[in-house]
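The values are calculated or read from the model by the stated rules, or taken from the named source; none is laboratory data. None of the values given here were measured: they were computed from a predicted structure. Cβ: placed from backbone, ideal geometry, glycine included. Neighbour counts: every protein chain shown. Areas reflect the complete protein model, heavy atoms only, side chains present, ligands, DNA and RNA absent. Shrake-Rupley method; radii C 1.70, N 1.55, O 1.52, S 1.80 Å.
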Amino acid sequence: MRSLHPKKYFFVINCLCLFFILLTTACDYQRIKPWHRDILSQDRAQLVSDTLEFDADEHIYSSKEAPKGGQGIGGGGCGCN
Amino acid sequence: MVNPQNKPTRSIRAALSAATCSLLALSTPSIKAEEVGIQASSTSMLYAEYERVRVFENIISVTKELENEQTLTAKFVVDVMAGASPNGAATIREATQTITSPSGNQTNIAAGKQATNPFFDQRMGISFDWSKPWQHYWTTTSGIFYSTERDYSASGGSLSIGKDLFNRHTTLTAAIAGSYDHVKPQGGTPIELRIADTGNNKLAQSKHKIFVDSVLGVSQILNRRSLLQINYSYGLRQGYLNDPYKVISYLDSGTGLPRIGSKYYYEKRPDSRKMQSIYSRLLHHLKNHIVSLSYRYYFDDWKIRSHTVDLKLTTPLKNQHELQWHARMHSQQQAYFYRYALYNGNLNADINSRDIVVNPATLNAASADYRLGSLYSYTLGAKYKIRFKWAEIDTRLEYLQQRDKNNLFATLHAVILQMTVKAKF
């Protein structure tokens with residue numbers, strides 16, 4: 001992170017701050033009943049809400065950047081240019 | 001109750017990812033209450049780089065519910081790729097340079113322009129995934145896939161096991177995937193770190209590599225509005241890991257020009273790679289928005305380190321419409337064997353001493369592929385979704401910029417345009 005340009009560093013710091021704010025909010029841990037899972041049951045609330053978009057992004061970023069995977073197992077390859 | 005999002009619907013390149021992601025999504029699937037017989041999805045994506053690569057990708061996915069909440073997913077992928085890809089040669093500002101393409105054609109690259117190889121390829125792939133819930137909240141997802149293109153084929157399989165705990169507040173996942181890839185470079189397989197000036201020094205033999213990936217993950221419902229996911233991934237690559245179309249320039253340290261008779265060498269990468277990453281994602285519902293924020297730290301034994309932050313903000317609109325903003329930032333540190341160019345001659349102030357090489361063939365590894373270098377990537381975009389009773393349609397438009405941290409390569413500008421249609425029967 002030390003090598004980040006100040007503007008990007010600012011962006012990352014903001015995201016991390018947002019993450020911790022959200023996490024703090026979210027960590028109001030509650031054991032919820034099945035009938036209270038209405039919000040998390042929405043399509044848009046799924047961890048992988050759009051598998052085809054996920055596929056496309058994996059294709060792009062795994063062929064344009066050195067790292068692979070992280071969110072799931074990524075086998076197989078391509079002669080990506 | 002079956003959630004269509006659970007179904008392992010991965011594309012070829014990421015075919016195996018589907019299994020894990022689907023399982024990881026299981027922490028919420030059990031919550032969903034919609035019955036679906038068949039879900040069919042189709043997406044078309046145009047990825048276009050300015051003056052470089054263009055990819056037109058089409059994916060069709062069909063998921064069928066079977067008895068006892070089992071699902072079977074078939075996916076078909078067709079890609080068309082064309083354009084010009086950087087071949088690794090250093091940009092020469094003072095003179096025109098001549099490069100030899102993989103097919104043996106010679107091309108003049110104007111002074112100050114980045115050297116690229118023109119290419120055209122098509123890829124087709126197919127995958128099948130089968131997901132089955134068992135007693136005591138166990139779920140398995142297994143899959144196989146195969147893809148082929150002119151100079152490359154990949155085949156493999158995956159297995160994921162998920163376990164819901166604590167009244168389905170927690171889901172643990174373990175997954176493993178393997179792939180056997182066959183590489184048959186156009187024009188022959190280059191001999192590593194041999195002179196590439198004329199396109200010779202190639203062997204008429206194919207190569208292969210083996211991929212093994214594994215993930216341990218946990219997803220946790222924190223409260224009525226929040227979901228947390230954490231993954232640890234370990235991957236192993238073994239075999240021919242070179243890019244057969246990449247070269248590295250050999251320059252005279254005094255003039256900065258390519259050496260006559262040995263201007264370029266084929267690259268050489270280590271024949272194994274151990275990759276690890278830690279991924280975390282928080283999904284939180286605000287009053288009128290949904291925030292998804294993820295962070296990945298990646299590291300491997302090629303000494304590549306990276307940080308990736310991804311932020312999505314989804315706003316439900318009237319009439320079941322939806323708008324999603326997306327921002328992504330990626331920063332990576334170069335591989336230990338990455339070099340912009342090799343030099344012959346005396347050391348001077350502009351050259352790193354490790355890049356002065358008397359005989360490049362003696363190096364253990366060297367690559368000038370900019371994707372292994374230190375770079376930033378930024379993505380900004382938006383997606384608009386319309387829902388109907390029986391289907392949903394979304395379109396996204398994103399801009400991607402990739403910039404070399406040392407400003408040695410031209411900045412890459414790309415546009416991603418994707419349209420997806422999903423229907424339930």
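Could you check, for the range B:278-298, whether at least one of its residues is part of a loop (DSSP other than H, G, I, E, B) and open to solvent by less than 50 Å² (accessible area, probe 1.4 Å)?
Checked against the condition, which is being part of a loop (DSSP other than H, G, I, E, B) and open to solvent by less than 50 Å² (accessible area, probe 1.4 Å), the range B:278-298 yields no hits at all.
Do the conditions hold for residue B:364, that is, is it open to solvent by 10 Å² or more (accessible area, probe 1.4 Å), in a helix (DSSP H, G or I) and more than 14 Å from residue B:250 (Cβ to Cβ)?
No, not satisfied.
Can you find a residue that is surrounded by fewer than 22 Cβ atoms within 10 Å (Cβ to Cβ), out of contact with any helix residue (DSSP H, G or I) (no Cβ under 9 Å at 6 or more places or on another chain), within 30 Å of residue A:16 (Cα to Cα) and not β-branched (Val, Ile, Thr) anywhere in the range B:332-347?
Looking for residues that are surrounded by fewer than 22 Cβ atoms within 10 Å (Cβ to Cβ), out of contact with any helix residue (DSSP H, G or I) (no Cβ under 9 Å at 6 or more places or on another chain), within 30 Å of residue A:16 (Cα to Cα) and not β-branched (Val, Ile, Thr), one finds at least one in the range B:332-347, hence yes.
Among the listed residues B:250, B:240, identify the single one that is among the hydroxyl-bearing types (Ser, Thr, Tyr), in contact (Cβ under 8 Å) with a residue 40 or more places away in the chain and out of contact with any helix residue (DSSP H, G or I) (no Cβ under 7 Å at 6 or more places or on another chain).
B:240
Of all the residues that make up the range B:227-268, how many are within 30 Å of residue B:295 (Cβ to Cβ) and either over 21 Å from the mean Cα position of the chain (by Cα) or open to solvent by less than 30 Å² (accessible area, probe 1.4 Å) (or both)?
Here the count works out to 9.
Do we have residue B:403 as basic (Lys, Arg), in contact (Cβ under 8 Å) with a residue 24 or more places away in the chain, out of contact with any Gly (no Cβ under 7 Å at 6 or more places or on another chain) and surrounded by fewer than 19 Cβ atoms within 10 Å (Cβ to Cβ) here?
Yes, satisfied.
Which one is farthest from residue B:341 (Cα to Cα) among residues in the range B:397-412 that are among the aliphatic types (A, V, I, L, M) and more than 9 Å from every other protein chain (Cβ to nearest Cβ)?
Here is the first cut: in the range B:397-412, the ones among the aliphatic types (A, V, I, L, M) are B:397, B:400, B:408, B:410, B:412.
Checking the rest, the ones that are also more than 9 Å from every other protein chain (Cβ to nearest Cβ) come to B:397, B:408, B:410.
Numbers: B:397: 36, B:408: 11, B:410: 15 Å.
Among residues in the range B:397-412 that are among the aliphatic types (A, V, I, L, M) and more than 9 Å from every other protein chain (Cβ to nearest Cβ), the one farthest from residue B:341 (Cα to Cα) is B:397.
Taking the condition of being open to solvent by 20 Å² or more (accessible area, probe 1.4 Å), touching a residue at least 40 places away in the same chain (Cβ under 8 Å) and not small (Gly, Ala, Ser), how many residues in the range B:152-167 meet it?
Residues meeting the conditions: 2.
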